[in-house]
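The values are calculated or read from the model by the stated rules, or taken from the named source; none is laboratory data. Being a predicted model, the structure only gives us computed values, none of them experimental. Cβ coordinates were reconstructed from backbone atoms using ideal geometry, including for glycine residues, and neighbour counts include every protein chain displayed. Quick note on the areas: whole protein, heavy atoms, side chains included, nothing else; ligands and nucleic acids left out. Shrake-Rupley method; radii C 1.70, N 1.55, O 1.52, S 1.80 Å.
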Amino acid sequence: MTRIRKAALAAAMGLLGATAGCSTWDGLSSRDKATVGGAAAGGVVGNVIGGGALGTVGGAAVGGVIGNQVGKERERR
């Protein structure tokens, strides 16, 4: 396993652990949950593609926006 993949896996596991332990998770709307999930996935993808902090933050931002829009569409149904 490459160094980048290990970092991405560690980031994903950390985000999953943080969201699983969050006491307010049940109070979030499905749109908010989609935003968090999109940001987490985007951060991992951004780290793998771009590497470093800038790739991670950029990926998280883009993933959060995409997740928010997906969540908005789910709420309309």
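For the chain, modelled as a GNM whose springs connect Cα atoms under 10 angstrom apart, the maximal fluctuation among 34, 61, 53 occurs at 53. Surface exposure of the chain, expressed per residue as accessible area with a 1.4 Å probe, stands at 67 Å².
Of the solvent-accessible surface of the chain, computed with a 1.4 Å probe and all protein chains present, 65% belongs to carbon and sulfur.
Computed on the chain, with alpha-carbon pairs under 8 angstrom and 6+ residues apart, the relative contact order is 33 percent.
Using only the C-alpha atoms, the convex hull of region 1-76 corresponds to 75 Å³ per residue. The angle between the Cα long axis of helix 30-50 and the longest principal axis of the Cα atoms of the chain comes to about 10 degrees, rounded to the nearest 10.
Spin-label model, residue 10/residue 74: points 7 Å from Cα along the beta carbon direction are separated by 3.0 nm.
Adding -39500 (n - 2.57) for every DSSP H run of four residues or longer, then dividing by how many residues the chain holds, sets the calculated 222 nm ellipticity at -29000 deg cm²/dmol. Across 11, 60, 39, mean-square fluctuation computed from a Gaussian network of the chain (C-alpha pairs under 10 Å connected) peaks at 11. Comparing 10, 66, 49 along the charge dipole axis of the chain, the residue lying farthest to the positive side is 49, per the Cβ-charge model. Taking θ as phi - 60° and the Karplus parameters 6.51, -1.76 and 1.60, the scalar couplings of region 56-62 work out to 5, 5, x, x, 5, 5, 5 Hz in sequence order, x denoting glycine and proline.
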